[in-house]
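The values are calculated or read from the model by the stated rules, or taken from the named source; none is laboratory data. The shown structure was predicted, so the numbers you read here are calculated from the model rather than taken from an experiment. FYI the Cβ positions are ideal-geometry reconstructions off the backbone, even for glycines, and counts take in every protein chain you see. Protein only, heavy atoms only, side chains kept; ligands, DNA and RNA dropped before computing areas. Shrake-Rupley method; radii C 1.70, N 1.55, O 1.52, S 1.80 Å.
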Amino acid sequence: MIKSEICEMLGIQYPVFQGGMAWIADGKLAAAVSDGGGLGIIAAGNAPGEYVREQIQIARARTSKPIGVNIMLMSPYADEIAKIVAEEGVEVVTTGAGNPSKYMKEWKEAGIRVIPVVASVAMAKLMTRLGASALIAEGGESGGHVGELTTMVLVPQICDVTTLPVMAAGGIADGRGMAAAMMLGAQGVQMGTRFLSAEECTLHAAYKEKILKATDLCTMVTGKRLGHPVRSLRTPFARNYSKAEYGGMPDDELEALATGALRLAVQEGDAEKGCFLAGQCAAMVKKEQPAAEIIKEVTEEAEAILLRADQWVK
Ligand code: TUI
């Protein structure tokens, strides 16, 4: 059994978080993950507050275990959602794509455990000082909005500057990745892409199929020019966006090109205009299975590997 400090802190069985994937991680998926012993996280993404409140209530109706909400800080609704998570008494808030400093006091006063995603050492130091409960160190192998550094170099550097538990994210899809992350100093992992194939993950069938058929080189990063690099599958949308980005399309037209593209992928499976966010580990996602089984399989594989780790020491 793999146990770490984060399990006791949050009252969860396995040190596994499900990433807060915009448009995808809803109350149903979060409840299945939490019920399976991990931490299920509802993604607020760019959705309005009422959507988030509804998803929290859906999750509450399905599980009595702790749940989290991920707040995407670039969202126009971030301020409103910051209040809703306190009103609804969610146990954990994770944040992404920005600096959550201005909300930290309010959330801590509401008794919420704040676990920001950090992509740099400076942000890890700041969040530690402002009273975060733990950190998620997310490397650029992840899907969606990505930082500069890889998980391999980010995790140990973050562990060196904080006394908080660190969860590793980005590129982790099986027990080998989980065991490696723990060797780098992490107390557990967050996985997003692996949960795209969960039975409880509501996603257009074409999106799931693209993930299950993905190969090693099939993701790419676009959006660097506008300062929001995003990793997605190498589809016609991503190629066209990349051409426009480096071909000098004006900023406002470029933004318009991306607007609604994620929704088109998630809800309509639109192979041409959809933006299929996915991490580099998409190729390691092999089958559809219940979320609880994913958590158990990954942690049991990690446990077997960690138990054999002394074979290397002579
Ligand atoms: O946030 C994510 N992944 C996401 S957000 C998202 S929605 C979106 N859509 C279009 C453009 C941008 C976002 C899809 N996927 N992961 C967590 C993450 N956070 N990765 C990197 C960061 C991060 C970046 C900068 C965290 C803090 C940060 O601080 C910058 C600052 O303000 O100093």
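The table below lists the values:
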{"item": "S197 accessible area, assembled protein chains, probe 1.4 Å, Å²", "result": "0"}
{"item": "Relative contact order, percent, the range 205-281 [alpha-carbon distance under 8 Å, six or more residues apart]", "result": "36"}
{"item": "Net dipole in debye of the chain [+1 Lys, Arg Cβ; -1 Asp, Glu Cβ; about Cα centre; nearest 20]", "result": "440"}
{"item": "Value of Rg to Rh for the range 155-256 (Rh from inverse mean 1/r over Cα pairs, i.e. Kirkwood)", "result": "1.06"}
{"item": "Largest-first ordering by accessible area, 1.4 Å probe, given options E245, E109", "result": "E109, E245"}
{"item": "Calculated from backbone phi, Karplus (6.51, -1.76, 1.60) coupling profile of the range 93-105 in Hz, x at Gly/Pro", "result": "10, 10, 10, x, 6, x, 10, x, 3, 5, 9, 4, 5"}
{"item": "Under 20 Å from K108, Cα to Cα: aspartates and glutamates that are on another chain or at least 8 residues apart", "result": "E5, E8, D79, E80, E87, E88, E91"}
{"item": "Segment D252-K224, length gained on full extension (0.36 nm per residue, minus Cα span)", "result": "8.6 nm"}
{"item": "Helix-derived mean residue ellipticity, 222 nm - over the chain, DSSP H n ≥ 4, -39500 (n - 2.57), to 500", "result": "-12000 deg cm²/dmol"}
{"item": "The chain: relative contact order in percent, alpha carbon pairs under 8 Å with at least 6 residues between", "result": "17"}
{"item": "Estimated dipole of the range 52-148 in Debye, rounded to 20 [Cβ of Lys and Arg +1, of Asp and Glu -1, Cα centre]", "result": "300"}
{"item": "Per-residue SASA entry for Y77, accessible area with 1.4 Å probe, Å² rounded to 10", "result": "80"}
{"item": "Square roots of 5 times each gyration tensor eigenvalue, C-alpha, the range 205-281, largest first, Å", "result": "21, 14, 9"}
{"item": "Over 19 Å between alpha carbons, listed pairs K65/K125; K28/K65; K28/K105; K28/K273; K105/K125", "result": "K65/K125; K28/K105; K28/K273"}
{"item": "Exposure rank, largest accessible area first [K224, K243; 1.4 Å]", "result": "K243, K224"}
{"item": "Signed unit charges on C-beta, dipole axis of the range 205-281, positive-most listed residue G279, S242, G269", "result": "G279"}
{"item": "P(r) weight above 32 Å for the chain, C-alpha pairs, percent", "result": "21"}
{"item": "Euclidean distance between Cα centres, the range 64-123 to the range 129-203, Å", "result": "17"}
{"item": "Sequence of D35, D310 when ordered by accessible area, the most exposed leading, probe 1.4 angstrom", "result": "D310, D35"}
